[in-house]
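The structure under discussion appears below in the form of structure tokens.
The values are calculated or read from the model by the stated rules, or taken from the named source; none is laboratory data. Everything numeric here is computed off the predicted structure, so don't read it as measured data. Don't worry about glycine lacking a Cβ; one is built from the backbone with ideal geometry, like all the others, and counts go over all protein chains shown. Surface areas here come from the heavy atoms of the whole protein model, side chains and all, with no ligands, DNA or RNA. Shrake-Rupley method; radii C 1.70, N 1.55, O 1.52, S 1.80 Å.
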Protein chains: 2
Amino acid sequence: MFQPPRGTRDFLPEEMFKRNWAIDKIRKVYEIYGFEPLGTPAFESWELFKIKSGEDVINQIYYFKDKADRELGLRFEWTASLARVISSHRELTMPFKRYAIGPVWRYENPSEKRYREFWQCDADTIGVSDPIADAEILAAAVSCLKELSFEDFIIKLNDRRILEFLIEQAGFPQNNLLEIIRTIDKLDKIGIESVTTELLKYYDNIESIVDLLNLLSLKGKPEKILVTLKNAISKNEKGLKGYNSLEKIYEYSKIFDIDSYLTIDLSLARGLDYYTGPVFEIFAKEYQEYGSIAGGGRYDEIIGLFGGDPTPATGIALGFERIISILDLKGIFNDIKLGTDVLVISINENVQDYAIEILQDIRKNGISSIIDLLSRNIRKQLEYASKKNVQKVIIIGEKEIKEKTVTVRDMITGKQKNIKREELIIFLKS
Amino acid sequence: MFQPPRGTRDFLPEEMFKRNWAIDKIRKVYEIYGFEPLGTPAFESWELFKIKSGEDVINQIYYFKDKADRELGLRFEWTASLARVISSHRELTMPFKRYAIGPVWRYENPSEKRYREFWQCDADTIGVSDPIADAEILAAAVSCLKELSFEDFIIKLNDRRILEFLIEQAGFPQNNLLEIIRTIDKLDKIGIESVTTELLKYYDNIESIVDLLNLLSLKGKPEKILVTLKNAISKNEKGLKGYNSLEKIYEYSKIFDIDSYLTIDLSLARGLDYYTGPVFEIFAKEYQEYGSIAGGGRYDEIIGLFGGDPTPATGIALGFERIISILDLKGIFNDIKLGTDVLVISINENVQDYAIEILQDIRKNGISSIIDLLSRNIRKQLEYASKKNVQKVIIIGEKEIKEKTVTVRDMITGKQKNIKREELIIFLKS
């Protein structure tokens, strides 16, 4: 028996209805916030990925050659394609706010929680360096998550420039900055002792490392952390830039009404090397242990890398698979009616034509409905109705035809009611 | 400057809004007809494609090996994945009606009308051998196309068994049946003379070929063609099966109210070898010269090929790219408002907080809206509004704040109106 390729999955209708429900919500919120859809191919030239993410990324992606030996790769995230479009379509009106929702592919070791095909939902604002764009991105992500029925959040916020300044100030050598940042990023995962051991590889000064990690362990409400931070930074230019952007994001977050979720976390780095300013991660408050459900940051240098004019940019990605898992856990889908609404049952073959007429009438009114295509007996048709989880069954017999009525059975209560045919649509819609 | 890989395209927001508009309509109609979404990975094991379409298909697809040397291929159509799911998930309730909307990839010579990544929108009914399923599939496709604002159609209909019987009856040798059918399928494209020449390669009997092609040239309304056909078929079992299915589809088409579009066309074969019964193609009546915009047929033997129980199946695919091109030609999108609705303008930086409050209020009410993120002057903001093609602009100045009002400018008429803040949402929604 054939299976989907290793690390990939099929989604049967029940799962797909859930996924589509969530995708529709996210898409709608992104559009309400003025993000516009942009479509790019599923694969890109390998060169494009290499420029942004380095040679090594070949190990993590589906890389292949086409029949003309072009080197290609399935997209493993959305940003490279976005940057390609921005750098090659100079006619685009700035600021350009775009969203992209769809699958990405990574050649990673599959596990129950990690798949080789998974969906990401990105929103990015291009052409704005002011932190208002970062704050709005966070507001949009929070609105998406609220629309998906999440209620409370922790938004962890930091600025890469502050992190870099603090590392410099601690006296670390500058040539391993990226590795150092990646190590620090693991603070929450592997703990302070392991991080200290790893950092000693780069800088043999236990005292400075301990001081740095103590400072980086600072986290809390912006109004509190910002004061401490200002003192630590003093007049360093890079540090001040980071400080000012955090302060401005905090100010805007009040107007966007997301300030109560903000936590400044000086250890937050986000591994990817391309971030240049604020970085952020969103957690569902009651499901923190599942990890972040959205993350992003500012990447002002990427578009220039692809030959475009230097263009500021910031963005966020919702982790769709994790979101769906948590929604399932929360039991959200128990209360949402997904799937087909109505099954029309014919008592026997003589009434089938009339039943199809009713069916067509229901469908014309936008109500999803099916008829048994196998001319089975009523018992089997009722079984089919309950397997298909329809809400209502409409039963058509000879009596109903003569009286121009239909019998409607509520599949939840089991109650039946005979109503006039012309009242059926209003009844179903109510 | 980087381009999308050869044969693929980017879709800028204007195009994407159109595509999403059409996808939403198609999805909605499929669901109203009780088709359920099914998700399968973008690539499948090469073996799977080979079983269904033969070794040669490797030339037409993106074939590649993953890092563990697994042979994979990007899906080039939806049916193999569907058949894999059906044959491996025996718990699925039959009949199983599923739809799939998304990209497929073919390694073909790209042209202005042929891309290597394009979308197909399939609906299939599994587990029903009665022609009611074929008729319903046609009704669903017509409803999709009507929802997309097409008005009149030609549905070409034939049955592969009739074609095979007529070829047998003409005395053709049976070993090249598939090639012969593929040649006949080109009748409309290359004309009767070229087809005759090609057929002579398989059967050196010009008289029989001419007789056959004359018979196959028969096309017209079912009520007329069915009579002629019945005489031609007489009592041949295979021919009669084909005849009966056409007759039944015609009968059902009356109840589904699509009978006026039906044309029986005895030359219609559809090249793909796996069809076992009825085959069909839909043309938009006023745009016939652009070719069919939907096509499909019955394939009762595919699921068995993959190790599933022998299971009847029928389906249709909407040619999404061609549909979008014709909708563009028809000017459909001129009358549909796509994109962001509102731009909120701040007269100066002092009023920005109030402007964001208004913006948030509008967004909470589901109206898509943006604010200028670059703090530009009014003239620039109005330019931005017209480039972004918003319908209305809301202007906030100090006077508006003091009076608790907003000024709304209609971007089409240019008219401005000052209204109370609390009346804004109702005004925008009306």
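Brief remarks follow.
- Database remark: amide H of A:GLY319 closer than 5 angstrom to the amide H of A:ALA294, A:GLY295 (H placed geometrically; neighbours at sequence offset of 5 or more, or on other chains; Pro and chain starts carry no H).
- Summed buried accessible area for A+B [probe radius 1.4 Å, Å², rounded to 100]: 8200
- Furthest towards positive pole of dipole, B:THR407, B:ILE51, B:THR311, structure part chain B, Cβ charges: B:THR407
- For chain B: relative contact order, % (alpha-carbon pairs under 8 angstrom, 6 or more apart): 16
- Out-of-range pairs (alpha-carbon distance over 23 Å; input A:LYS254/B:LYS402; B:LYS146/B:LYS337; A:LYS221/A:LYS241; A:LYS50/B:LYS18; B:LYS337/B:LYS387; A:LYS50/A:LYS156): A:LYS50/B:LYS18; A:LYS50/A:LYS156
- Area accessible to solvent at B:ARG90, 1.4 Å probe radius, in Å²: 130
- Helix-only CD estimate at 222 nm, as mean residue ellipticity for chain A, using -39500 (n - 2.57) per DSSP H run (n ≥ 4): -12500 deg cm²/dmol
- Between amide H atoms placed 1.01 Å from N, distances below 5 Å from A:PHE43 occur with A:ARG75, all of them 5 or more places distant or on a separate chain.
- Where chymotrypsin sites (Phe, Trp or Tyr not before Pro) fall in DSSP loop in the stretch B:210-274, at most 11 other Cβ within 10 Å: none
- For the options B:LEU12, B:LEU187, B:LEU226, a Gaussian network treatment of chain B with springs between C-alpha atoms closer than 10 Å singles out B:LEU12 as fluctuating the most.
- Across the alpha-carbon set of the protein assembly as shown, the Rg to Rh ratio works out to 1.01, Rh being the Kirkwood radius.
- Surface composition of the stretch A:1-146: carbon and sulfur make up 45 percent of the accessible area, probe 1.4 Å.
- The figure for A:ASP372 is an accessible area of roughly 10 square angstrom, using a 1.4 Å probe on the protein chains alone.
- Per-pair calculated FRET efficiency, R0 = 25 Å: A:LYS189 and A:GLU286 via Cβ, rounded to 0.05: 0.75
- Antiparallel bridge percentage (DSSP; both residues within the stretch B:34-145; nearest 5): 90
- Beta bridges by DSSP in the protein assembly as shown, antiparallel share as percent, to the nearest 5: 80
- Working note: Karplus 6.51/-1.76/1.60 with θ = phi - 60° gives the stretch A:117-131 the couplings 10, 8, 9, 10, 10, 9, 10, 9, 10, 10, x, 10, 8, 5, x Hz, where Gly and Pro are set to x.
- Qualifying GluC sites (Glu not before Pro) in the stretch B:242-331, DSSP loop, other Cβ atoms within 10 Å at most 13: none
- Against chain A, whose longest principal axis comes from its Cα atoms, helix A:222-233 is set at around 30 degrees.
- Three principal axis lengths of the stretch A:61-136 [C-alpha, angstrom, descending]: 39, 37, 16
- Reachable aspartates and glutamates from B:LYS189, criterion Cα separation under 18 angstrom, eight or more residues apart if same chain: B:GLU179, B:GLU198, B:ASP265, B:GLU281, B:GLU289
- For the stretch B:207-319, the spread of Cα positions along each principal axis, largest first, Å: 41, 38, 32
- Straight-line cross-link partners of B:LYS52 among the aspartates and glutamates, defined as a Cα under 12 Å from its Cα and at least 8 positions apart when in the same chain: B:GLU77, B:ASP273, B:GLU301.
- FRET efficiency estimate (nearest 0.05) - Cβ-Cβ, B:GLU247 to A:ASP361, R0 22 angstrom: 0.30
- In sequence order, the stretch A:312-319 has phi-based couplings of x, 7, 8, x, 9, 10, 8, x Hz under the Karplus curve 6.51 cos²θ - 1.76 cosθ + 1.60, θ = phi - 60°, and Gly or Pro positions carry x.
- Rg over Rh, two decimals, the stretch A:13-334 (C-alpha only, Kirkwood Rh): 0.96
- For the residues of A:13-19, the average number of beta carbons from a partner chain within 10 Å of their own beta carbon is 4.
- Residue among B:ILE181, B:ILE162, B:ILE255 with the largest mean-square fluctuation in a Gaussian network model of chain B, springs linking Cα atoms under 10 Å: B:ILE255
- For the stretch B:253-302, a drop of 30 Å² or more in accessible area on going from the chain alone to the assembled protein chains (1.4 Å probe) is found at B:ILE255, B:PHE256.
- If you look at the Cα atoms of the stretch A:339-430, you get an Rg and a Dmax of 11.7, 32 Å.
- When the Cα atoms of the stretch B:136-261 are aligned to their principal axes, the ranges along those axes come out at 48, 33, 23 Å in descending order.
- Within the full protein context, the accessible area of A:GLU71 is estimated at about 80 Å² for a probe radius of 1.4 Å.
- For a straight C-alpha distance cut-off of 15 angstrom, the aspartates and glutamates reachable from B:LYS388 (same-chain residues fewer than eight places away being disregarded) are A:GLU31, A:GLU36, A:GLU91, B:GLU14, B:GLU15, B:ASP341, B:ASP372, B:ASP410.
- For the stretch A:13-334, the per residue solvent-accessible surface stands at 38 Å², with DNA, RNA and ligands left out and a 1.4 Å probe.
- Cα-centre dipole for chain A with unit charges at Cβ (Lys and Arg positive, Asp and Glu negative), debye to 20: 1460
- Solvent-accessible surface ranking, highest first, for B:LYS241, B:LYS52 at 1.4 angstrom: B:LYS241, B:LYS52
- Taking the DSSP beta bridges with both ends in chain B, the antiparallel portion is around 80 percent.
- Residue order for A:GLU47, B:GLU349 - accessible surface, 1.4 angstrom probe, largest first: B:GLU349, A:GLU47
- Here the stretch B:316-361 is treated as a Stokes sphere of Kirkwood radius computed over C-alpha pairs; at 20 °C and 1.002 mPa s its diffusion coefficient rounds to 151 µm²/s.
- Residue order by solvent-accessible surface for B:VAL210, B:VAL393 is B:VAL210, B:VAL393, largest first, with ligands and nucleic acids left out and a 1.4 Å probe.
- Within a Gaussian network of chain A (alpha carbon springs, distance under 10 Å), most fluctuating of A:LYS65, A:LYS388, A:LYS415: A:LYS415
- In this structure, the amide hydrogen of B:ILE370, modeled 1.01 Å from its nitrogen in the peptide plane, lies closer than 5 angstrom to those of B:VAL342, B:LEU343, B:VAL344, counting only residues at least 5 positions away or on a different chain.
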